[in-house]
1. Relative contact order of region B:67-268: what whole-number percent is it, with Cα pairs under 8 angstrom and at least 6 residues apart?
2. Compare B:150, B:364, B:339 in a GNM of chain B, Cα atoms joined below 10 Å, and give the one with the largest fluctuation.
3. If you fit an axis through the alpha-carbon atoms of helix B:3-16 and take the longest principal axis of the Cα set of chain B, what angle between them do you get, 0 to 90°, nearest 10?
4. Taking square-rooted eigenvalues a ≥ b ≥ c of the alpha carbon gyration tensor, is region A:38-182 rounded, prolate or oblate, where a/c under 1.5 means rounded and, failing that, a/b exceeding b/c means prolate?
5. Pick out which of A:196, A:73, A:91 has the largest mean-square fluctuation in a Gaussian network model of chain A, springs linking Cα atoms closer than 10 Å.
6. Could you let me know the centre-to-centre spacing of region B:367-415 and region A:147-173, using Cα atoms, in angstrom?
7. Relative contact order for chain B: what is it in percent, counting Cα pairs under 8 Å that are at least 6 residues apart?
8. In units of 2.2 N^0.38 Å, what is the alpha-carbon radius of gyration of the protein assembly as shown?
């Protein structure tokens, strides 16, 4: 569960201050699938970074699964990213020179378990076990994004954060990716937070949160979550 | 995160950039091998000089003409008739003096370069006219034949003892013993051949001819002081024991000052040094030389280290996005730091290892080839440990700054980096 209370983020503490977030409050339940939409500069990427524990708010509170994370040390944040959060990026962000399976293993290395078995399981869940030894250059965009999802899944996170996951894909591959997210959310009750420009992608979520100028301007319920 | 994972990661990253890694290695390899080679050669030279000098024994004193601090060439000035020459009569006075209780054997030496001719062969060599006890003091043993004795001295016999190398070059196949050589057109009979002694710093110790002092004085050098005394080049004096060296030195000084009629406040016109003192000076000189060589080589090691730092900085820049990805999936700052430190450590470790192998190999070759010329290379464990640990240290140190930069990267910016 994600609870955000009046979070602000100010960049550039010198002469020019950029107020990326101006007091955002938000609550996302375990097992929800939520889309975060808004034009560029609306602060959605900043909010995403804060929720993903890559960044910390200037003020306000962020409680993740009952843990106040806005005041944690860098090392603790890294541990939370490792255990609780899976990232999926628009540009896939796979390590270019290593195989699909090695990419999926990466989070395991940092949690000190390093299990080929878990990595294979994760690849199986995205239907790519057959290409485990291929490098990113040998995979299509859709396949690369599935490897990235497998990497996000491998440590059994509570939340997957997907930043424009279909932005670099053709519509067919995009639909496949969305189908995977939808299934993960429905079957495994993994919380999924999507950042997107695409209304169709947004409509796959149960709820759309619209941001503008660092504030939430609107919330739309698309459908009830399956509880 | 486990260390083995970091190591595997580092090796993979280095393997991914083979040419770059290899070029970086070369800098360290050159540095390490240069340190090892130069220090080994320095040590080798020191060892060979030391062994020669210490052969002579610690109870031997060396008396040379000339006031302290004067150019050693003053010996030849003395030979040209200046008053402060050492004479054979001085040596005999020391030997006979009742006041010289700590003095054992006294050998007189005249040294000059001469051309020795045998048949069509000739060779320019050092001629030592000495008293018979000279060979005992400085450990010249006769291999074949005999050494000259007091009988030869008294009769100023025209006999010589040849160094191994002289005998070999002048008489190639035939045996030199019993044959005749010509020096200054005078015939000398070869009565003995010296044992082979080898070379020191490219200078053969076997390129020498010995003859009785009286013969040399009468036929070769013919130097006399205005008082008609026989000028000699130096004296070798053996004290009665290692503990008597200082007393002997004092007694010799008293006798010579009296004989040379020096005033109280006048400096002595001769120098007495023990071989121990000479050894100390040689040790200092070669030590400084070794240090000098090592520091030149050390500079190349530092340059190698800068190469490592350079390549690591490039590597960090190249892999900014990778660092962002790793941070996003849970790498801590210290994991990133460790990853790059291990990379630079691996570079410097293998560079050190290869440099060590090459340095050792080259030093071995120098030893083998240089043996003829008395140049050795002594590889001792401390040199190896020093060179290797300095290279690893330099490599690690060069890795610290790039690794710190990598660890300090903001994950969000790193992820956006194109």
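Throughout, read-outs are computed from the coordinates displayed, never taken from laboratory work. These numbers come from a predicted model, not from an experiment.
1. Working: 380 pairs, mean separation 63.5, N = 202.
It rounds to 31 percent for region B:67-268.
2. Residue with maximal mean-square fluctuation among B:150, B:364, B:339: B:150.
3. The angle comes out at about 80 degrees.
4. It comes out oblate by the Cα gyration axes.
5. Taking springs between Cα atoms under 10 Å, the residue moving most is A:73.
6. Here the answer is 44 Å between Cα centres.
7. So the answer I get is 30 percent.
8. Expressed relative to 2.2 N^0.38 Å, the Cα Rg reads 1.71.
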